1. If I take R0 = 45 Å and measure r between the Cβ atoms of residue 111 and residue 4 in this structure, what FRET efficiency does the formula 1/(1 + (r/R0)^6) give, to the nearest 0.05?
2. What length, rounded to one decimal in nm, is gained on full extension from residue 14 through to residue 125, with 0.36 nm per residue of separation minus their alpha-carbon distance?
3. How big is segment 82-205 by the Kirkwood estimate over distinct Cα pairs, in Å?
4. Extension gain residue 238-residue 30, at 0.36 nm per residue separation less the Cα-Cα distance, in nm?
5. Using +1 at the Cβ of each Lys and Arg and -1 at the Cβ of each Asp and Glu in the chain, identify which of 47, 184, 87 lies farthest towards the dipole's positive end.
6. Beyond a 29 Å Cα-Cα separation, which of these cross-linked pairs lie in this structure: 39/174; 3/132; 134/160?
7. Of the listed peptides 98-106, 45-53, 33-41, what is their order by residue-averaged count of other C-beta atoms within 10 Å, with the highest listed first?
8. How far apart, in nm, are the 7 Å Cα→Cβ label points at residue 155 and residue 213?
Amino acid sequence: MEKLSKKHLKVIERYKKETELPCYSLIPIEGKPSETDSKMGGFPYLPKGASVPKDKSGKPMVLFIQLNLEGLEPLEDYPVDFPTKGILQVFMAENSEEYPTPHKVVYYDNVGEYEPDDGSADENEWVTSPFKLKAEKAVSVLPVRFMTLGDMMLSSLYNKMDIYRDIIADEINKCVPAATFAGHADTKQSSGFEYMENAVLFKINSELDGRICIGDCGILVAGIPFDALEELDFDRAFVEWDCC
C-alpha cells in the first residue's frame, strides 16, 4: 500500500471535519430480541389491537429494522430534532419484484401493552436471522462513493486523479459506521439523496452483519423531509436501496 503524505492526511482530516454529522451508531449485540427491543428482523412491536402493515396484494410485510428510542439522548448540532421516545420501524414487502420495494415506516410515540410474538416472522429475505441492536452516540462522516456528494466534496479538496485519491477515499470510508440512526446517507452507486430537504432516519449497510443482505450486499437508506420529521409525520418517510 502506498504511504500517505502529511498533505494527504490533512485532506482526510479536513474532509472529516467538514462533513461530520452527529448520529447514533447501531451495533449488533448478542441475545434473542424481544418484541420491544431494537433489532433487525423478527416479530415487531405491535400495540394491542394493531397489525403488521400489508402490501397492495394484502400480504403482511416483514420487519426490516426496529429501534426503541426510549432513553436516547438528543443529538446536538443536527438541523432537526429526532424523537427520543417510542418505537420506529421499517417494514418491507416480502419477495417483491418491484423496485423500489414497497415499504412502510411506522412510529409509535410510546411503548404500552403489545401483541405477543406469535412465531410468524421467521421468513425474511432481508434478514436471515433476527438480532438485537444497541444505539450509541457517534459521528457520521460523509461516505465517498462514485458520483455522489462525497465524491464531489473530496474533489473540491483534492482534485488529482491518481492512486492517492482512491487511498484517501478508502481511509475516509473506514470512518463511516455500517449502520446509523440519523447521520449521513450512503450508497454503493450514485445517489440523488437530497440533503437540503431530507433527514436520514436509517442507513444500513449489508456489511453490518452476516445475517442481513440488502439486494446483492447493498445499502438501504430511510429518509424523511425535515418538516415531516418535526411533525412526526412518518407517512411521508421513504426508503431507497441499491446493490453493490
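Just so you know, all these numbers are worked out from the coordinates, no wet-lab data involved. The shown structure was predicted, so the numbers you read here are calculated from the model rather than taken from an experiment. Counting neighbours? That spans all protein chains shown, and the Cβs are built from the backbone with ideal geometry, glycine included.
1. 0.40
2. Computed gain between residue 14 and residue 125 is 36.0 nm.
3. 17.5 Å is the Kirkwood radius here.
4. Numbers: separation 208, 0.36 × 208 = 74.88 nm, distance 2.95 nm.
Extra length from residue 238 to residue 30 when fully extended: 71.9 nm.
5. The residue sitting farthest along the positive end of the dipole is 184.
6. Pairs exceeding the cut-off: 3/132; 134/160.
7. Highest mean packing first, the order is 33-41, 98-106, 45-53.
8. Taking the simple label geometry, residue 155 and residue 213 are separated by 3.4 nm.
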